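The values are calculated or read from the model by the stated rules, or taken from the named source; none is laboratory data. Only a predicted model underlies this, so the values are computations on that prediction, with no experimental measurement involved. FYI the Cβ positions are ideal-geometry reconstructions off the backbone, even for glycines, and counts take in every protein chain you see. In case anyone asks, the SASA skips ligands and DNA or RNA and just uses the protein heavy atoms, side chains included. Shrake-Rupley method; radii C 1.70, N 1.55, O 1.52, S 1.80 Å.
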Amino acid sequence: LYVKLAVVNIRNNRQLYLPYLLAGVFSAAMFYLVMSIQDNPGLEQMRGGAYVAVTLLLGVIIVGLFAAIFLFYTNSFIMKRRKRELSVYNILGMEKKHIAKVLFLEMLFTAAVTIGGGLAFGKLMTMLLYRMTGFNQSVPFTISLMGCHHTLVLFGCIYAVTLFYNFMQIKLSNPMELLHSANAGERE
């Protein structure tokens with residue numbers, strides 16, 4: 001029942017979830033792209049490769065921070081739009097723990113699509129980048145296991161924090177407050 005409800009919720013709110021999924025896929029792809037180039041062992045043999053590696057390490061940090069902020073903000077936008085729907089579930093008899101299970105499954109599906117799609121798209125973009133720059137002769141293309149691992153860990157943590165935030169919003173609010181929250185203004 002919860003799995004079906006989560007899938008129906010994502011499908012019914014696709015105008016909200018589609019940009020969220022695309023933003024997550026592109027963020028994960030960019031993170032993996034920069035991480036895989038920074039982790040490439042052929043980079044050390046290039047002239048100035050050490051400087052490029054340090055610059056790319058800063059790029060990894062910046063892309064990771066940007067992805068975390070952007071996905072957290074996008075999630076809060078989605079939750080603001082969905083509070084009325086969640087309050088109706090609560091008024092119709094679903095307990096908050098059941099709503100939390102549905103939110104957990106929605107976030108699990110979203111994270112799986114985003115991380116999987118981001119890694120696949122990031123690998124394709126890395127191959128395209130190597131081909132366009134002509135580095136495929138001097139810097140061999142490798143699939144970065146460390147890049148995959150760091151992408152999984154970072155985006156897993158981002159989605160875990162946003163899920164915890166969603167749980168706290170549901171736990172600390174009452175149904176009538178949730179019904180009228182869509183009319184409230186944006187806070188700083």
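Only one of the numbered conditions (1) open to solvent by 10 Å² or more (accessible area, probe 1.4 Å); (2) among the polar types (S, T, N, Q); (3) closer than 29 Å to residue 171 by Cα is not met by residue 9, and that is (1). For residue 48, the requirement of being modelled with pLDDT under 85 and at positive phi is met. A search for C-beta distances below 9 Å between a residue of segment 146-173 that is surrounded by 14 or more Cβ atoms within 10 Å (Cβ to Cβ) and any residue that is not in a helix (DSSP H, G or I), counting only pairs 6+ apart in sequence or on different chains, returns 150/144. Applying the set (1) more than 19 Å from residue 67 (Cα to Cα); (2) at pLDDT below 85; (3) in a helix (DSSP H, G or I) to residue 103 leaves exactly one unmet item: (2). Of the residues contained in segment 53-69, none is found to be of a type in the set (S, T, N, Q) and outside any helix (DSSP H, G or I). Of the residues making up segment 86-100, those that are assigned to a helix (DSSP H, G or I) and more than 23 Å from the chain's Cα centre (by Cα) number 8. All of 137, 169 fail the test of being within 30 Å of residue 118 (Cβ to Cβ), at pLDDT below 70 and either of a type in the set (S, T, N, Q) or in a helix (DSSP H, G or I) (or both), apart from 137.
For segment 2-22, indicate whether the set of residues that are assigned to a helix (DSSP H, G or I), touching a residue at least 12 places away in the same chain (Cβ under 8 Å), within 13 Å of residue 118 (Cβ to Cβ) and out of contact with any helix residue (DSSP H, G or I) (no Cβ under 7 Å at 6 or more places or on another chain) is non-empty. So far as segment 2-22 goes, no, none of its residues is assigned to a helix (DSSP H, G or I), touching a residue at least 12 places away in the same chain (Cβ under 8 Å), within 13 Å of residue 118 (Cβ to Cβ) and out of contact with any helix residue (DSSP H, G or I) (no Cβ under 7 Å at 6 or more places or on another chain).
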